[in-house]
Amino acid sequence: MDWDLPGPFIMPIVVKPEDVDRLGHANNVVYVRWLEEVSWAHIESLGMTWDIHEATGRAMAITRTEIDYLAAANEGDHLLLGTWLVDFDGRFRSARRFQLIRQDDGKCLARALSTHACVDLRTQRPARVPKEYGEILGNAVITSP
């Protein structure tokens, strides 16, 4: 696969009938769901589990998502969704990139970028990143080649 950055965290996807809209391709809302699913899977694989979120009372909430839809995903397509943490300021904010590739032909179907801010789970207000997150996120950031 021709990934934009090295070493993506990859989530395989098969486009289901319920993912497809009236136009006959995966609906744009489904892409957003996939981005969220791979984001959680990635941070959990790094050790940033929900137990740690509950213990610290903090979570990284999405503040912005940009998606470029480059080609359609159709029912039955086998896809690979790659993601990378690409920025972390050590205090409040992080950013993540995504790339969606169809396995059969290696075609890039979408690219996305999301930005995140740390929030207090109780108040939903901005909060400083706990030390535990700082170590996990800081060590996972990948820089462009």
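Summary table
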| item | result |
| --- | --- |
| Compactness of the stretch 94-133 as Cα Rg over 2.2 N^0.38 Å, two decimals | 1.80 |
| Largest-first principal axis extents, alpha carbons of the stretch 1-86, Å | 44, 28, 22 |
| Cα-based convex hull, the chain, per residue volume (Å³, whole number) | 113 Å³ |
| Nearest-ten-degree value, helix 131-140 long axis tilted from longest Cα axis of the chain | 40 degrees |
| Long-range amide H partners of LYS107 with built H, under 5 Å | ARG102 |
| Residue among LEU109, LEU70, LEU79 with the largest mean-square fluctuation in a Gaussian network model of the chain, springs linking Cα atoms under 10 Å | LEU70 |
| Angle in degrees between helix 28-45 and the longest Cα principal axis of the chain, rounded to the nearest 10 | 50 degrees |
| Neighbourhood charge, 15 Å Cβ-Cβ cut-off, centred on ASP105 and excluding it, Lys, Arg +1 and Asp, Glu -1 | -1 |
| For the chain: accessible area per residue (Å², 1.4 Å) | 56 Å² |
| Sum of -39500 (n - 2.57) over DSSP H runs of 4+, divided by residues of the chain (222 nm, nearest 500) | -7500 deg cm²/dmol |
| With every protein chain in place, the stretch 30-99: carbon and sulfur % of accessible area (1.4 Å) | 48 percent |
| Centre separation in Å (Cα based) which lies between the stretch 35-69 and the stretch 1-15 | 17 Å |
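The values are calculated or read from the model by the stated rules, or taken from the named source; none is laboratory data. These numbers come from a predicted model, not from an experiment. Neighbour counts run over all protein chains shown; Cβ positions are idealised from the backbone, glycine included. Just the protein is used for accessible areas: all its heavy atoms, side chains included, with ligands, DNA and RNA removed. Shrake-Rupley method; radii C 1.70, N 1.55, O 1.52, S 1.80 Å.
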